[in-house]
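Here's the structure we're looking at; comments come further down.
FYI, it's all coordinate maths here, none of it is from the lab. The structure presented is a predicted model; accordingly, all values stated were derived computationally and were not measured. Here Cβ is always computed from backbone atoms with ideal geometry, including for glycine, and neighbour counts include all displayed protein chains.
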Amino acid sequence: MAGEAQADCLFCKIIAGEVPATVVRETDTTYAFRDINPQAPTHILVIPKVHYRDAATLAAVEPQITADLLREAGEVAADEKLESYRLVFNTGSGAGQTVFHAHAHILGGRGMQWPPG
């Protein structure tokens with residue numbers, strides 16, 4: 001069921017403590033940890049503790065948790081002392097989403113080009 005932990009989801013396993021992660025922040029509704037394959041000097045993922053396939057679904061069903069996720073991304077960036085950063089939501093495999101649990105990438109610590117990719 002949507003919103004419930006999924007046994008085959010990597011991020012649900014991280015939240016449950018079944019898979020190790022380098023956690024940087026945790027709230028009642030979100031979990032933030034360092035990406036194991038960083039694409040910038042600072043690359044942190046912020047995920048909701050509830051399971052939804054992508055950010056669009058999360059926003060449609062749980063707008064308050066979506067707001068929590070965005071607020072926490074800002075807090076993580078501040079904790080990391082990032083003056084500038086990029087916040088990325090990949091939605092669908094064609095956009096590069098590889099873990100189908102809504103999440104935001106915080107990328108910083110280097111210049112970012114536009115347009116990306």
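Given an 8 Å cut-off on Cα distances and at least 6 residues of separation, report the relative contact order of the chain as a percent.
29
Rounded to the nearest 10 degrees, what's the angle between the helix 63-79 long axis and the longest principal axis of the chain, both from Cα atoms, 0 to 90?
Here the helix axis deviates by roughly 40 degrees.
Summing -39500 (n - 2.57) over the DSSP H runs of n ≥ 4 in the chain and dividing by its residue number, what mean residue ellipticity at 222 nm do you reach, to the nearest 500 deg cm²/dmol?
-7500 deg cm²/dmol
Per residue of segment 9-18, in order, report the coupling 6.51 cos²θ - 1.76 cosθ + 1.60 (Karplus, θ = phi - 60°) as ³J(HN,Hα) in whole Hz, putting x for Gly and Pro.
Each residue of segment 9-18 in turn: 9, 4, 5, 4, 5, 5, 4, 6, x, 7 Hz.
How much net charge surrounds Cys12 when only the other residues with a Cβ under 10 Å from the Cβ of Cys12 are counted, with Lys and Arg +1 and Asp and Glu -1?
The answer is -1.
Return the long-range amide H neighbours of Val24 (sequence gap of 5 or more, or a different chain), with a cut-off of under 5 Å between placed amide H atoms.
Correct list: Ala32, Phe33, Arg34.
Along segment 33-48, what does the Karplus equation 6.51 cos²θ - 1.76 cosθ + 1.60 (θ = phi - 60°) give for ³J(HN,Hα), rounded to whole Hz, x for Gly and Pro?
Couplings: 8, 6, 5, 7, 10, x, 9, 7, x, 10, 9, 10, 9, 10, 10, x Hz.
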